[in-house]
Each structure stands twice: as C-alpha cells, then as structure tokens.
Amino acid sequence: MKLCRIHHAAYRCKDAKQTVDWYVKHLDMKFLLAIAEDQVPSTHSDDPYMHVFLDAGNGNVLAFFELPNAPAMGRDENTPDWVQHIAFELENLEMLEQSKARLEAAGISVLGITDHTIFRSIYFFDPNGHRLELAVNTGTPEMYQKLDQVKWDMLEEWSRTRRAPKHAVWMHQKEFER
C-alpha cells in the first residue's frame, strides 16, 4: 500500500457555522464543502450531523462534525491540553509574527513565539477548545540530518526506558549556535 496523502482530518465542533466563520476569519481558510445527513453512512445510525470541510493549503483539508444529538463536547482529561493539537506551517518568521499580532488584536490569547530550534511556533485555541499551532521551519539541512541519523536509536531507547534519550539534547541547549 502506498498512501497518497491525508484526505482530511476530522474533529468535532460545538457549532459548525461558528467554526467555519472562525477559521475563515482568523486563518484565512476557504470553506470548501458541507455535508449534512440524518443517518451516518458508515454505521447507518440515526444520528444527524453537519460535516464541514476547510482548505488548510496544498490539498490539506481540515474537517469538523457538529453532532446536535450527542452529549456535550469534552476533551480527554487524562491528556494534557498541550499534547493534542493541529499544527499548520507558515512560510516565514515575518508571517508568524504578523499572525500572532493579528490573533492577539482579535482578542485571542497566544502563547509564543516558542523556539524549538528546528522551528518556531505560536499556540492558541479555536472556539471548540482545539489547540492550534502555527509553525515556521528554521532548521538547517545539517540539523535535520543529525536528527534523522538518531531517530531510530532514540525511539528504541525510549521504548526500553520510557526516559527522554539524550541523542538530540543539543536542540535545547542555550549555547547551541545556529
């Protein structure tokens, strides 16, 4: 099997219209498609829904389901809110800085700009409580090569010890020169 790409990633939303309006306004996404049914095609359950699709750039599609008959939307309370997120890539640091200013001007609380050595990013929440990230790659080819060379060793060590391997500790050392 050879996958082509992600067709779409789907999440739940509290209000489909509010969600579409928010993503169009704040992230400049294009509203692509809406599908509404009274019966779920895959399970044949009687469960009306609105399924909306947004263009996240380069053929990537972000989708949401509004489920009016389901219990109120929550989140996995056993997982920290920083773990599950959707990250979108921007072209450059200037766009990241402009996006941060634009979001803050709209009253959206933004964390960052966070320096991850190989990328910089900001974090914020959509109206459904989904954590979002805007990121700009800043690493050099040498940095990515160093990380590529240790990825399997790091994964194996983590699998055995459940402790953070130190193969790429250089990424988070303040004295690291770029």
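Strands (runs of 3 or more DSSP E) fully within the stretch 1-70 that include at least 2 residues being among the aromatic types (F, W, Y) and within 17 Å of the chain's Cα centre (by Cα): 61-66.
Of the candidates R120, R162, R102, the single residue that is free of Cβ contacts under 8 Å to residues at least 60 places away in the same chain, touching a helix residue (DSSP H, G or I) at 6+ places or on another chain (Cβ under 8 Å) and of a type in the set (D, E, K, R) is R120.
Could you tell me which of the residues A105, A70, A101, A56 is closer than 25 Å to A34 by Cβ, surrounded by fewer than 16 Cβ atoms within 10 Å (Cβ to Cβ) and of a type in the set (A, V, I, L, M, F, W, C)?
Sole residue among the options that is closer than 25 Å to A34 by Cβ, surrounded by fewer than 16 Cβ atoms within 10 Å (Cβ to Cβ) and of a type in the set (A, V, I, L, M, F, W, C): A70.
The number of residues in the stretch 81-98 that are under 16 Å from D115 (Cβ atoms) and touching a helix residue (DSSP H, G or I) at 6+ places or on another chain (Cβ under 9 Å) comes to 1. Against the test of being of a type in the set (D, E), under 19 Å from M29 (Cβ atoms) and either in contact (Cβ under 8 Å) with a residue 40 or more places away in the chain or not assigned by TED's automatic domain parsing to the domain that holds Y23 (or both), the options D153, D126, D81, D115 yield a single qualifying residue, D126.
Of all residues in the stretch 60-101, those being of a type in the set (K, R) and modelled with pLDDT of 95 or more number 1. The residues on offer are E157, E133, and the sole one that is in contact with a Lys or Arg (Cβ under 9 Å, 6 or more places away or on another chain) and surrounded by 11 or more Cβ atoms within 10 Å (Cβ to Cβ) is E157. For the stretch 20-30, a tally of residues being in contact with an Asp or Glu (Cβ under 8 Å, 6 or more places away or on another chain), surrounded by 13 or more Cβ atoms within 10 Å (Cβ to Cβ) and closer than 11 Å to F53 by Cβ returns 2.
The values are calculated or read from the model by the stated rules, or taken from the named source; none is laboratory data. Everything numeric here is computed off the predicted structure, so don't read it as measured data. Neighbour counts run over all protein chains shown; Cβ positions are idealised from the backbone, glycine included.
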